[in-house]
Each structure stands twice: as structure tokens, then as C-alpha cells.
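The values are calculated or read from the model by the stated rules, or taken from the named source; none is laboratory data. Note that the structure is predicted; figures quoted are calculated from it, not measured. Positions of Cβ are backbone-derived with ideal geometry, glycine not excepted, and every protein chain shown enters the neighbour counts.
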């Protein structure tokens, strides 16, 4: 079994409560499984980031960030051109988390504070801007409510089921039957169906639908048209996609996009 890589920052950064790092990625870039001693706030100003841990998958757009706990194994997949502005946070500076990861809605103040960490300007007293911004960021993270619960999709631990899920994540438009997938991984369809419910709390069909809806939210959020989203995710037509989206989220894709843009502008 391959052990996840440990990423560190060296003694020169040890005294900092928050370390800021900016990286731009091309479409399809994959950060392999790794861990940090610090917590990590994953935020992208453009593009989509898929963050995966042993227990779950999150779809991140410019409207939300993911706070990954210290020592949590994770990997990142980039969809589109991604501008990452990520923060590595000393765990003792944060309130304890109930779960391994937490979705953080990114409003105007938090967004400006994160981006301010990458501005080297200093005030007249000679203090770096980061020293002023860090307490605000920590307070905003502490007070943030859980956002976009549908952005998380549970992932199974069973190796055969994991192979199926990873294939569907790569090709969410696939309409192959459970029987076909079970044959590919060398198991009976009954066994696969039972394990899906046991490990994810959903049937195979429900899990695939939730994957598609999470992908749809992400793609709409970065400006893809409903017709293209419907086609890319395997829906018969735009109407079918709209009906499924509204059933899941209580709004049409157009209404969702309008509300998303309003939240982003707050």
C-alpha cells in the first residue's frame, strides 16, 4: 500500500499561524494523496477543484472553500484552469472540527481577506498586511456556518467499489448498468448493490445521480450552459436535467446560478 506523502514547510515558517500559497494549475492536474501537519483551506478563484479523502469527495467552486483538518489524507483534481489560493493553518488556531473536512461559504469579506494574504504591502508601522488579516480570517472561519452540504459525496472504502466510483468520477456521463460495473470488478451485482448501501448509505443509482448533481452545481457555477452540462453528464435532454436538478435543490439551474452569483457578490 502506497503511503500518502507528507508535505512540510520548513522551520522558517513554523512561527506563522497561517501560511499562504498561490499556485495556478492547468486542466487535468492531479495532486496525489498527501497529508499536512497543518489544516488546509483549499480555495480557488477560478476553475473547479475536486478534493477527495478516504471517506468523501467534495466539488469546490469559487463560491466555497474546503477546510481540511490536520493529518487528513487528501488528493486534489483540477477541472479547467484553476487559480489556487490556499492557506495552511496552525491547528491550534482553529476551533475543533466535528468532521474531517468542512465546506466554508466564501463571501466578499472572506474572499478579500484570503486574497489580501498575497499582497506584500505594509502599513506605516512596518507591520505586514498579513499580520492584520490573519486574525480576521481565523475569526471568519470560526464563525462560518456549514455550506453547500450537497457538495460532499461519500466514498466507499471497499476497493472494488472504489474502482467503480473513481471511474464514474472520471466519466460521470456513463450510463453503464450496475451489472456491467460488477462484472468489471469481478463481483456479483447483488454484492455490489449491498456494499453500496452499506458503505455510502445510498443505492448505486442514487450515488451516481448525486455525483452528477454535484458535478452540475460545480459546472454551472463556473459558467457552463445548462445544455452543455446536461449533455456532458449523461442526461437525455435539458428538460430531464432541469427536472432532476429542481427535485434535488428546489430551484432550476438558472435560479441556482442567479443565487450563486448573488452570494459571491456579498
Could we say that residue 56 is within 24 Å of residue 169 (Cα to Cα) and at pLDDT 90 or above here? yes
In segment 187-217, what residues are without any contact (Cβ under 8 Å) to a residue 40 or more places away in the chain and part of a loop (DSSP other than H, G, I, E, B)? 187, 188, 203
Given the residues 185, 192, which is the only one that is crowded, with 18+ Cβ neighbours inside 10 Å and over 19 Å from the mean Cα position of the chain (by Cα)? 192
Having 3 or more residues that are surrounded by fewer than 21 Cβ atoms within 10 Å (Cβ to Cβ) is the bar; report the strands (runs of 3 or more DSSP E) wholly within segment 29-93 that clear it. 30-36, 44-52, 74-89
Filter segment 100-121 down to residues that are part of a loop (DSSP other than H, G, I, E, B) and in contact with a strand residue (DSSP E or B) (Cβ under 9 Å, 6 or more places away or on another chain), then give me how many there are. 6
Just give me the residues in segment 167-186 being in contact with a helix residue (DSSP H, G or I) (Cβ under 7 Å, 6 or more places away or on another chain) and outside any loop (DSSP other than H, G, I, E, B), in sequence order. 168, 169, 178, 179, 181, 182, 185
